[in-house]
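Pasting a structure below so you can have a look.
The values are calculated or read from the model by the stated rules, or taken from the named source; none is laboratory data. Since the model is a prediction, treat every value here as computed from it, not as a measurement. Positions of Cβ are backbone-derived with ideal geometry, glycine not excepted, and every protein chain shown enters the neighbour counts.
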Amino acid sequence: MNKLLLTTLFLSVLYSSNCIGQDLKTASGYLTYIGEEYQKIETETWAYTKAASHRKNAKKIDKKRQELIQTTINARKRVLKMPPFEGKTNLKDSVAEALRLKYLILKEDYAKIVDLDEIAEQSYDKMEAYLLAKEEASKKSSTAFNMMYNEYKRFAKENGIKFTESEQSKISKKLEISGRVYDYYNKVYLVFFKSWKQDEYLMQAIQEKDLNAIEQNKNALRATTKEGLNKMTKIVGYNGDGSLKLSCTEILKFQNNYAKRSVDLYTNYLIKSQHFEEIKKSFDSKKQKDKTQSDVDQYNKAVAEANEALEQYREDSEKQHKIKTDLIQDWNKKTFKFINKHVP
């Protein structure tokens, strides 16, 4: 199942009779009614998935999402109104539950599906918690859809209806492919996001010139990128396409190397700069006649060391900024190309 846009299935059935109407008192009519509801949802799900995957106009994408939400609401209402079949409600109940979860995911109302507090405890950032909540919600939704799918097959078998999985609609197959593409992308993206967010924390500490926070976040970034690189070794390319994996790996390597070397250059400059300010404060507090040659030499040495440290940091910073900019641009291009290529 698609864990980003939730794939739906239109279940193809070959009836043992010629009844294709919506007589809910017959088994074939009962299944036909449900199948027709799903066909509507499936068609709109694909329209939304395709638009989002190929970066259509944002307003059009949201319009299609809103249409899909309304279609899902209407379909669930109609399913809930269906009578039991021979006293049993297993099938309609499983369909209604699957649609309920689909609706909540489309609305991004994950709190009604998973325990957000528990997920928050596993996360260090709201965005990561959001991504994990979405993933967990989609897993539960996939379980519900599988239960519905099994109920559908059981119902067909019990009532002598020939069920043919091989006759899935073309749209269903496209949605299944899209689901696999987004599952893969989400797996790589979560690794990318975690290290990128930690990198942002480090940059914030640098801007604030907080030595303790810099050291803590530098070590955290090294640990996060090391963990990420280990995960990337276990992820293979998607259908032979390793572009996304390679781009993410290059970013992780850059961040790890940056934390190892470049941050120390800035820390050295900050220490030298602070030392100079202390020397300057002491130097300026003395009257001219009280300043010794030792005071002057100490002051000049502090100035030279601070300037040298600043020059080393500036030179490296410009170089690292260009590399970082190129890497993130490459990631964005490869992400677009990857999804555009593999989503039908």
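Would you check which residues across the range 51-110 are among the acidic types (Asp, Glu) and loosely packed, with under 14 Cβ neighbours inside 10 Å and list them?
Result: Asp62, Glu67, Glu86, Glu108, Asp109.
Can you find a residue that is assigned to a helix (DSSP H, G or I) and among the small types (Gly, Ala, Ser) anywhere in the range 77-91?
no
From (1) over 47 Å from the mean Cα position of the chain (by Cα); (2) under 21 Å from Asn307 (Cα atoms), pick out the condition that doesn't hold for Asp264.
The failed condition is (1).
Which of the residues spanning the range 92-111 are in a helix (DSSP H, G or I) and acidic (Asp, Glu)?
Those that are in a helix (DSSP H, G or I) and acidic (Asp, Glu): Asp93, Glu97.
For every residue, the table says whether it meets (1) free of Cβ contacts under 8 Å to residues at least 60 places away in the same chain; (2) acidic (Asp, Glu).
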site: Cys248; (1), (2): no, no
site: Ile271; (1), (2): no, no
site: Glu277; (1), (2): yes, yes
site: Lys291; (1), (2): yes, no
site: Tyr313; (1), (2): yes, no
site: Lys319; (1), (2): yes, no
site: Ile323; (1), (2): no, no
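Looking only at the range 100-115, decide whether some residue is within 28 Å of Ser28 (Cβ to Cβ) and of a type in the set (Asp, Glu).
no
Go through (1) touching a residue at least 24 places away in the same chain (Cβ under 8 Å); (2) surrounded by fewer than 17 Cβ atoms within 10 Å (Cβ to Cβ); (3) closer than 30 Å to Lys324 by Cβ for Asn257 and report which single condition fails.
Of (1) touching a residue at least 24 places away in the same chain (Cβ under 8 Å); (2) surrounded by fewer than 17 Cβ atoms within 10 Å (Cβ to Cβ); (3) closer than 30 Å to Lys324 by Cβ, only one is false for Asn257: (1).
Residue-wise test of (1) closer than 30 Å to Glu208 by Cα; (2) in contact with a helix residue (DSSP H, G or I) (Cβ under 8 Å, 6 or more places away or on another chain).
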| site | (1), (2) |
| --- | --- |
| Lys245 | no, yes |
| Leu252 | yes, yes |
| Tyr258 | yes, yes |
| Ser262 | yes, yes |
| Leu270 | yes, yes |
| Gln274 | yes, no |
| Glu277 | yes, no |
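Continuing with this model, one more query. For residues that are part of a helix (DSSP H, G or I) and surrounded by 11 or more Cβ atoms within 10 Å (Cβ to Cβ), tally how many sit in the range 287-318.
22
Let me ask something else. Collect the residues in the range 245-276 that are under 30 Å from Tyr184 (Cβ atoms), modelled with pLDDT under 95 and small (Gly, Ala, Ser), keeping them in residue-number order.
Ala259
Also, I was wondering about something else. Inside the range 167-217, can you point out the residues that are under 23 Å from Lys272 (Cβ atoms) and within 24 Å of the chain's Cα centre (by Cα)?
Selection gives Leu202, Met203, Gln204, Asn217.
Conditions: (1) under 29 Å from Ala223 (Cβ atoms); (2) not in a helix (DSSP H, G or I). Pro344 meets all but one. Number of the miss?
Pro344 satisfies every listed condition except (1).
Further question: Suppose the filter is closer than 26 Å to Asp330 by Cα, of a type in the set (A, V, I, L, M, F, W, C), surrounded by 15 or more Cβ atoms within 10 Å (Cβ to Cβ) and at pLDDT 90 or above; does Ile235 pass it?
Spelling it out, Ile235 is indeed closer than 26 Å to Asp330 by Cα, of a type in the set (A, V, I, L, M, F, W, C), surrounded by 15 or more Cβ atoms within 10 Å (Cβ to Cβ) and at pLDDT 90 or above.
Please work out which residue is nearest to Glu250 (Cα to Cα), limiting yourself to the range 274-332 and to residues that are more than 42 Å from the chain's Cα centre (by Cα) and small (Gly, Ala, Ser).
Ala306
Quick check on the range 228-244: of everything there that is in contact (Cβ under 8 Å) with a residue 24 or more places away in the chain and in a helix (DSSP H, G or I), which residue is farthest from Val191 (Cα to Cα)?
Ser243
In this structure, does Lys102 turn out to be touching a residue at least 60 places away in the same chain (Cβ under 8 Å) and under 20 Å from Asn150 (Cβ atoms)?
Here the answer is yes, as Lys102 does meet what is asked.
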